1. Any idea how far apart Tyr66 and Lys102 come out in nm if each label point goes 7 Å out from Cα toward Cβ?
2. Would you calculate the separation in nanometres between label points at Lys118 and Ile45, each defined as 7 Å from the Cα along the Cα-to-beta-carbon direction?
3. Can you check what the net charge comes to around Ala116, using other residues whose Cβ is under 12 Å from the Cβ of Ala116 (Lys, Arg +1; Asp, Glu -1)?
4. Working out 0.36 nm times the residue gap between Glu82 and Leu28, then minus their Cα-Cα distance, what length gain in nm do you get to one decimal?
Amino acid sequence: TENMFGDILSDAASVLPGSLGLMPSASLGDSVHMYEPSGGSAPDIAGKGVANPIAQILSGAMMMRYSFNLEVEAAAIETAVESVMKAGILTGDLLEAGQKDKAVSTSQMGDAVCAALKGPCAPIPKFCRTFRTMVSRKTVPKATSMRSIAAHA
């Protein structure tokens, strides 16, 4: 396939940080950019609460930086992720076999990162809660923008 080489490279590169769950990704076009975690949607663990959301969160930081020119906000998100991980708050994919009982869930990791946000990104936790509510109620429009979700917050 056209993307097979990219898939092989992303899987091989995952050994550098220790998990595909830590690798954000961006496809930067001339006018349209797409951001997603390198690991993709991970359908085998969907709905189980065990996926590592860090790559998706860091993909959001990349979006802030490259699509919206919000460098300070992107750096704040990256700092929040780093501080949470340094505090030992980790998902199961980042823990040794004997430490898996200390793993946090997908939601717990996302909540910890939101709680760690400081400065210009301090309003983001409210945005996160609003978006989570919209998703759980299945009220997220197909073409959702950050501005439209913020209007509901």
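Where a number appears in this text, it was derived from the coordinates with a stated rule and is not lab data. Only a predicted model underlies this, so the values are computations on that prediction, with no experimental measurement involved. Cβ coordinates were reconstructed from backbone atoms using ideal geometry, including for glycine residues, and neighbour counts include every protein chain displayed.
1. Taking the simple label geometry, Tyr66 and Lys102 are separated by 3.4 nm.
2. It works out to 2.9 nm between the two label points.
3. Net of charged neighbours comes to -1.
4. 17.0 nm is the gain from fully extending Glu82 to Leu28.
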